[in-house]
Amino acid sequence: MPVRAEHDRTVLAGLLGRDPVLHAYQLGDLDDFFWPYTSWFRRGDQVALLYHGVEPPTLLAFAAPEQAGELAALLADLTPVLPGRLYAHLSPGLEAALAPAFDLDGPAAHHKMALTDPARLAGVVPAGRPLGAADLPRLTTLYAQAYPGNWFDPRMLDTGQYVGVRDGDALVAVAGVHVWSPAYGVAALGNVTTHPRVRGRGLGAAVVAALCHRLRETVAHVTLNVRADNGTAVRLYERLGFTRVADYGEFTLTARR
């Protein structure tokens, strides 16, 4: 079965919507906000996304174990058209399909988590106010001090789904999203951090709780990705009602000459 580019959002939403938690990022990228930065490829019922909104581009390919073979075949056939350097987020084992054509740096093991017990949010007092474009300088400063190297596109503030806590004129805690799509019913938390000088005071949990309450008004599935070795963050999310639903690896790929 050949690989082909897929341009029909309705078809993609039907395929990805069979497991909206596993595919939350891809479903979110169907939204008008992200769609212009995407290229989609399909083989049967399996889908891979190449997202061009970052440099280098990022390949997303996820499948349940019983479907990994077909997705691996898609990736193997896709290698000739992929950029020479890219990031990849892949379900376990799929990297083998790319290894003949690319040198792989990784994996960085990650968990996918979903808010499955929202009642636990009641155990945390939410804090923070919505952020907007005027907050960008303070937010950029906070990320430089507390979360250097994070993936943040200033356009994400336009979603209205960033919540922050101030100390005087400075932002000291923030929770935001990587994707948010009421149209497709999904959100993925991202860019969550607290300034080192106020860590241990519960502000991280408070802003995440505030954002989750806000997101649940518009989407059915609130998800996130977290490094598997970040035990502090994993425990925080578990306390707020998130559970681990899948694992994946993040890689840097460089084409072999």
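Read-outs: derived from the displayed coordinates by stated rules, not from any lab. Only a predicted model underlies this, so the values are computations on that prediction, with no experimental measurement involved. Cβ: placed from backbone, ideal geometry, glycine included. Neighbour counts: every protein chain shown.
Observations, loosely collected:
- Amide hydrogen neighbours beyond the local backbone of ALA246, cut-off 5 Å, H modeled: LYS112
- In the chain, the calculated helix contribution to ellipticity at 222 nm averages -6500 deg cm²/dmol per residue, counting -39,500 (n - 2.57) for every DSSP H run with n ≥ 4.
- Given the alternatives (1) 202; (2) 140; (3) 123, volume of the Cα convex hull per residue in Å³ as computed for this entry is given by (3).
- Karplus (6.51, -1.76, 1.60) ³J(HN,Hα), θ = phi - 60°, over the range 47-52, in Hz, Gly and Pro reported as x: 10, 10, 10, 10, 9, 9
- Leading residue at positive end of dipole, the chain (Cβ point charges), from LEU215, GLY168, GLY123: GLY168
- For the range 117-240, the Cβ-based charge dipole about the Cα centre amounts to some 280 debye (Lys, Arg positive; Asp, Glu negative; other atoms uncharged).
- Rounded to the nearest 20 debye, the dipole magnitude of the chain is 700 debye, with +1 charges on Lys and Arg beta carbons, -1 on Asp and Glu beta carbons, and the Cα centre as origin.
- Fewest-first ordering of PHE62, PHE152 by other beta carbons within 10 Å of each residue's beta carbon gives PHE152, PHE62.
- Highest-first packing order for the peptide set 218-227, 122-131 is 218-227, 122-131, based on the mean count of other beta carbon atoms within 10 Å.
- Calculated from backbone phi, Karplus (6.51, -1.76, 1.60) coupling profile of the range 182-199 in Hz, x at Gly/Pro: x, 4, 10, x, 9, 9, 10, 5, x, 6, 8, 7, 10, 4, x, 6, 10, 5
- Counting neighbouring beta carbons within 10 Å and listing from fewest to most, the residues GLU55, GLU70 come out as GLU55, GLU70.
- Residue order for ARG235, ARG214, ARG9, ARG201, fewest other beta carbons within 10 angstrom first, comes to ARG235, ARG201, ARG9, ARG214.
- Coupling constants for the range 230-247 follow from the phi torsions by the Karplus curve (6.51 cos²θ - 1.76 cosθ + 1.60, θ = phi - 60°), and in residue order they are 8, x, 4, 5, 4, 5, 4, 5, 4, 4, 8, x, 8, 10, 6, 10, 6, 10 Hz; glycine and proline get x.
- With the simple model of a label 7 Å out from the Cα in the direction of the Cβ, ASP19 to THR232 spans 3.2 nm.
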